[in-house]
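Inspection log for the structure reproduced underneath, given as structure tokens.
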Amino acid sequence: MLAQRSEIWRERPGTWLMNGGVGVTHYLGDLTEAGNLGYLRLGAAMSGAVAYRYSPQLTLRAEAQIYYIRGTHKNTHLEYNNLSFHSINPDIWAGVQWDFWPASDPNHVIIPYALAGVGLTYMTPMAVFSGQPVSLAPLQTEGVKYNRLPFIVRYGLGVPIHSTERFRWNLEAAYTHVFSDYLDDVSTVYPDLTRMDPFAAALSDRRLELGLKPNAPGAQRGNSQRRDGYFILSARLVFVINTPSYRNYRRIFPR
């Protein structure tokens with residue numbers, strides 16, 4: 001149910017807003033399988049943002065987020081490779097929101113919006129080995145020291161679902177494209193395990209845990225032709241901090 005905001009809290013250009021969100025994540029990468037809807041391996045995310053309405057339809061937005069993602073070969077056609085990961089990562093991004101129609105449009109009570117922006121994320125892939133969590137990036141499981149702070153591009157859609165004078169609940173769906181194929185620590189081929197530290201080798205090729213022979217050097221470990229990413233569906237509480245009308249009111253009636 002949507003409610004009309006009072007004149008003093010109307011989001012005209014010059015309005016400042018804050019918002020926070022909680023949601024579910026779904027990682028897309030080398031340890032997922034297209035169409036395997038029975039094993040989505042959902043995670044969680046929490047974020048906070050500040051926004052500034054620049055024009056009747058354009059809002060500038062900056063956001064920080066913590067998200068948890070996970071993936072595994074289990075229950076996929078590559079189950080015999082036995083690779084898995086989980087990760088709790090931060091990201092930051094800045095960009096724009098574009099309302100499909102101005103808030104003053106009398107023909108649309110519900111006004112969805114599109115969002116897009118760029119930022120950075122810090123990747124911390126981990127795996128459980130012998131019952132203990134292990135950080136994978138320092139082990140160089142593919143013989144590669146990769147960048148753990150890649151650029152990201154985020155884009156998505158949102159829709160308001162409830163409003164009061166100063167608060168609004170939005171439902172938002174966004175996909176984040178990561179400019180790295182190592183979000184899950186899996187990308188190219190198996191290295192020569194005989195030239196690696198034994199512990200790193202054990203995390204690089206985990207077929208031995210299933211009683212299988214290890215992969216030959218150069219065997220396919222991941223798909224380097226497709227970058228990783230993650231999808232987030234979140235509920236967001238938007239709070240109006242300040243509007244031009246409120247600032248004028250405070251100048252006329254100071255405390």
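The values are calculated or read from the model by the stated rules, or taken from the named source; none is laboratory data. Please read all numbers here as calculations on a predicted model, not as lab measurements. Using ideal geometry, Cβ is built from the backbone for each residue, glycine included, and neighbour counts are taken over all protein chains shown. Quick note on the areas: whole protein, heavy atoms, side chains included, nothing else; ligands and nucleic acids left out. Shrake-Rupley method; radii C 1.70, N 1.55, O 1.52, S 1.80 Å.
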Could you tell me which numbered condition VAL240 fails, if it satisfies all but one of (1) β-branched (Val, Ile, Thr); (2) at pLDDT below 95; (3) more than 20 Å from MET46 (Cα to Cα)? (3)
Would you check if there is a residue in region 192-211 being part of a loop (DSSP other than H, G, I, E, B), under 21 Å from the mean Cα position of the chain (by Cα) and closer than 15 Å to THR141 by Cα? no
Can you confirm whether region 175-190 contains a residue that is among the aromatic types (Phe, Trp, Tyr), at pLDDT below 95 and assigned to a strand (DSSP E or B)? no
Taking the condition of being open to solvent by 40 Å² or more (accessible area, probe 1.4 Å) and closer than 23 Å to VAL178 by Cα, how many residues in region 128-138 meet it? 2
Mind telling me which of the residues GLU142, GLU165, GLU172 ends up being acidic (Asp, Glu) and open to solvent by 50 Å² or more (accessible area, probe 1.4 Å)? GLU165
Answer residue from region 243-255, given it is in a loop (DSSP other than H, G, I, E, B) and open to solvent by 40 Å² or more (accessible area, probe 1.4 Å) and is modelled with the lowest pLDDT among those: PHE253
Filter region 176-214 down to the residues that are surrounded by fewer than 16 Cβ atoms within 10 Å (Cβ to Cβ) and touching a residue at least 60 places away in the same chain (Cβ under 8 Å) and list them by number. PHE199, ARG207, GLU209, LEU210, LEU212
Give me the residue from region 226-236 that is modelled with pLDDT of 95 or more and open to solvent by 60 Å² or more (accessible area, probe 1.4 Å) and, out of that set, nearest to PRO160 (Cα to Cα). LEU233
